Amino acid sequence: MIPAMKRQLARWRLKNPAFAYLLEHDDSELVSVDCETTSLNVKEAELLSIGAVKIRGQRILSSESFYVLVKPERRPEADSVKIHGLRPRDVSDGLSPQEAVAQLLAFIGGRPLVGYYLEYDVAVLNKYVRELAGIGLPNRQIEISGRFYDYKLRQQPDSNVDLRMATLNEELGIPALPRHDALNDAITAGMMYLALKKRGFG
Amino acid sequence: MSRFDFSHPPFTHLSNAEQQTLENAADIVFFDEDEVILSPGTPVDALYVVIKGVVREMADDEVIAVYRQRDTFDARSMVAGHTSTRFVVHEEALVFALPRDTVLALTDSNPGFGAFFFASISQKFGAMARESGNRELQTLLTATVRDACSRLPVFAEGRDTILDAARLMKQRKSKSILVRHGERLGMFTTTDFRDIILADTPSSTPLHQVCHFDLITVDSDDFLFNALLTMTQRNIRRLVVMERGEPVGILAQVDILSYFSNHSHLIAQRLDRAESLDELAAIAEQITRLVSILSSHGVKAPQLGRLVQALNARLFERAWQLIAPAELVANSCLLVMGSEGRGEQILKTDQDNALLIRDGFEHPAIQGACQTFSDTLTRFGYPPCPGGIMVRNPQWRQHEQGMRDQLYRWVMAPDGDALMNLAIFIDAEAVAGDHSLLTQCRQYLDSLLSDDESFYARFARAIEQFDTPLGFFAQLLTKEKNGAATLDIKKGGIFPIVHGIRALALRHGIPACNTFERLQLLAERGLLERELANDVGEALSFLLGLRLSQGLAELADGRSASNLIRPEQLSTLERDLLKDALALVKRFKGHLRHVFRLGAIA
């Protein structure tokens, strides 16, 4: 009842009817998503790149993945370049954030989202999604670190759960991909999700 | 850098752009334990590469192969579009799924990559040979006579005089000239001048009276290795290179030697000149070193086997000549048997030899000489045969009549030992003394063999002696960490092939001893399907090569060479090929079972 009401509310708030497909929930697939940004502070952060990949059942559809570079309005902070490796010149031919997010929305549709610290990515994306559609991303969200926390706590109650990405990789037996970018991180999150799902925490 | 890691065979054959194509089409699939990825009856629409985890290939309840990180499965099924075996997840697995259409398109556009998929197994081995060829600068295997032969022949006419020849050779700085005399072709070399001076031959003598017409030739497309083999066997230093029936060059020993860092021919020469057993012992040591060098130059095991056989034969011959009194040498025939006889013994393993003595010949020194010979070989580094198949054992030191009686017993009352002895004797090769003694003995053996199919079935049955080696992989599966998982490639792979081919050769009266020659003859006479013969040959060649590199590594570590392979120490490609080779051994065993009706005998 409540979800139905929320959906109704969102439909009412939806500014642009072109984005109505976001509200048509589609659980047959999931989308793992990751963004690289200029800052870790949501307010200041601007998008640099977005990677996303669909997950159907046990399969990560890396063959149908989504990856765009985004040209930020301000230069990235030097510190953040060290993390994501995207220099200003790398993103100088990127899309505008609005265009990039519109393409992403078309890619994810009504599918639930998966991500490692997804909350942050969604918060940054929502800055643009609100602008476009009038609402934040209405999709169901699956937080990998949260699922992992539940899983570890079930195994060893009262323990301190280490939620660093490298720890998750190791504990779940996920191989490190040869490079870090938004798409490969999205793929890695997808592999983590499948490993957690197998353990009953999907 | 690419998104995924495809930096392993067969993907190393792909260009960057092609890898990108593959990457764009790749999906990642997660499989839980005991899930079935491929099975008979469902179409195979992808090639899988293990990212993490373990997948086992099952035929009924038997594990045929195991795939781990970076392993690819299953090329053959993907090409065929279906599979006859099941691929089951053993330990939860993440795999790349590469769509069949994309992979097939790449095999079309990239022949090196394609070779992996359109496996006739032979092509696959060939692809590996090329790969190792990339690593080594120049392999003798691929070098042909044309590559090494740079000397254009200098021609003279048969009616020209010795003096003309001397001028010509000085002018052209040539140590040899070819002599045309009518239809015949001869050779005249600087060495001949020695004899001319000694015989006081006048310098006006026409060349055709002093040159040699019995030329030994080699085709310019022949492998350099074969040329070297010919020189070693015939004890000559030059070959005439022919192209379409015309002499086009002279291949000198030094030309070939420049391809070798060690000189097998020199070893052979030193063997012949050795005047004491101590000298021989020093040379025997060099043979192992030569093998190691040639092997690292990419010379394949079968060719090495033949070379080592030629060298060992001369070593044994020379040792026997030094030990035994001349009349004993003349009235007996020294045999090498088993793998030494077949020319497949590459590193020094057990001595397998025998002495056949002419009927009626007696000599007080026979027993002592044989004892000394066996001891000497032990000293040279050939360990005594645990089964006692050596000349110092009276059973293997017989007069012709005694050997004939023995053969008669073995054929007429074929129990286990008799069949084993027979198998060993069938591979006998004469190395010293009167070779006709062996020929006559073989003829007698052939006359004993009838069309009694049950005899051949009993003879062939030894291939069932050792179970399928792929079972060892199954052990590897269950416990990885406890000790080292090993696989005996002699029992599991080499023996069934060698013995199976031996049985077929015996059945059909094939005269050769070497397994590759037997295979060739069996295929030529239509007694074995050509494709199967090729595959069996390639598989044996690969297994022998694997055993050789294993043995060399063990010798380098100061251990003795064994037949035990540790699959986890092999490269992915080697493991892949080992699986293919063992699968082929299974297929061949099945073929033999059918041919000899092994199911029908108790």
Provide the percentage of antiparallel DSSP beta bridges, counting only those with both residues in segment A:21-198; round to the nearest 5. 70
Can you tell me which aspartates and glutamates have their Cα less than 14 Å from the Cα of A:K54? Leave out same-chain residues fewer than eight positions away. A:D26, A:D27, A:E29, A:D34, A:E64, A:D185, B:D27
Under the definition of partner shielding as Cβ atoms of other protein chains within 10 Å of a residue Cβ, what is the mean value for peptide B:26-38? 5
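If you put +1 on each Lys and Arg Cβ and -1 on each Asp and Glu Cβ, how big is the dipole of the protein assembly as shown around its Cα centre, in Debye rounded to 20?
Numbers: 90 positive and 103 negative charges, 179 e Å.
Once rounded to the nearest 20, the dipole reads 860 debye.
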Projecting the Cα atoms of B:Q351, B:L328, B:L407 onto the charge dipole of segment B:307-416, where Lys and Arg contribute +1 and Asp and Glu -1 at Cβ, the residue farthest towards the positive end is B:Q351
Highest-first arrangement of B:191-202, B:411-422, where packing means the average Cβ count within 10 Å: B:411-422, B:191-202
Between B:V391, A:Q156, B:P511, whose Cα lies farthest towards the positive end of the dipole of the protein assembly as shown when Lys and Arg beta carbons carry +1 and Asp and Glu beta carbons carry -1, centred on the Cα centre? A:Q156
Cross-link reach from A:K43 to aspartates and glutamates, straight Cα distance under 13 Å and at least 8 residues apart if same chain, gives A:D121
Simple Cβ-charge dipole of segment A:21-198, Lys/Arg +1 and Asp/Glu -1, about Cα centre, in debye nearest 20: 200
As a footprinting exposure proxy, order B:F361, B:F73 by other Cβ within 10 Å, with the fewest listed first. B:F361, B:F73
Residue by residue through segment A:182-193, the couplings from Karplus 6.51 cos²θ - 1.76 cosθ + 1.60 with θ = phi - 60°, in Hz, x for Gly and Pro, are 4, 5, 5, 5, 5, 5, 4, 4, x, 5, 4, 4
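Can you give the calculated 222 nm mean residue ellipticity of the protein assembly as shown, where each DSSP H run of n ≥ 4 adds -39,500 (n - 2.57) and the sum is split over every residue, rounded to the nearest 500 deg cm²/dmol?
Result for the protein assembly as shown: -14500 deg cm²/dmol, rounded to the nearest 500.
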For the pairs A:K198/B:K579; B:K490/B:K579; B:K52/B:K586; B:K52/B:K589, flag any whose C-alpha to C-alpha distance is greater than 24 Å. A:K198/B:K579; B:K52/B:K586; B:K52/B:K589
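Quantify how much of the Cα-Cα distance distribution of segment A:21-198 extends past 20 Å, in percent.
Here the tail beyond 20 Å accounts for 52 percent of pairs.
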Rank the residues B:R518, A:R13, B:R56 as a footprinting-exposure proxy: fewest other Cβ atoms within 10 Å of their Cβ go first. A:R13, B:R56, B:R518
Order of A:25-38, B:582-595 by packing, highest average Cβ count within 10 Å first? A:25-38, B:582-595
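Report the per residue volume, in Å³, of the convex hull enclosing the C-alpha atoms of segment B:264-448.
109
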Using each residue's phi in segment B:68-82, evaluate 6.51 cos²θ - 1.76 cosθ + 1.60 at θ = phi - 60° and report the 3J(HN,Hα) Karplus result to the nearest Hz, with x for Gly and Pro. 10, 2, 6, 7, 10, 9, 10, 3, 5, 5, 5, 5, 6, x, 8
Around A:T37, which amide H atoms from residues at least 5 apart in sequence, or from another chain, sit under 5 Å from its own amide H, with H modelled in the peptide plane? A:L48
Enumerate the calculated ³J(HN,Hα) couplings along segment B:364-380 in order (Karplus 6.51 cos²θ - 1.76 cosθ + 1.60, θ = phi - 60°), each rounded to whole Hz, writing x wherever the residue is Gly or Pro. x, 8, 4, 4, x, 4, 5, 4, 4, 4, 4, 5, 5, 4, 4, 5, 6
Just name one of B:S541, A:G146, A:C35: the one whose Cα is farthest towards the positive end of the charge dipole of the protein assembly as shown (beta-carbon charges, Lys/Arg +1, Asp/Glu -1). A:C35
Averaged across the residues of A:174-184, what count of C-beta atoms belonging to other chains lies within 10 Å of each residue's C-beta? 3
Sequence of B:W396, A:W12, B:W410 once ranked by neighbouring C-beta atoms within 10 Å, starting from the fewest: A:W12, B:W410, B:W396
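We did not get these values from a lab; they are worked out from the coordinates using the rules stated. Computed from a predicted structure; not experimentally measured. Here the Cβ is made from the backbone with ideal geometry for all residues, glycine too, and neighbour counts use every protein chain on show.
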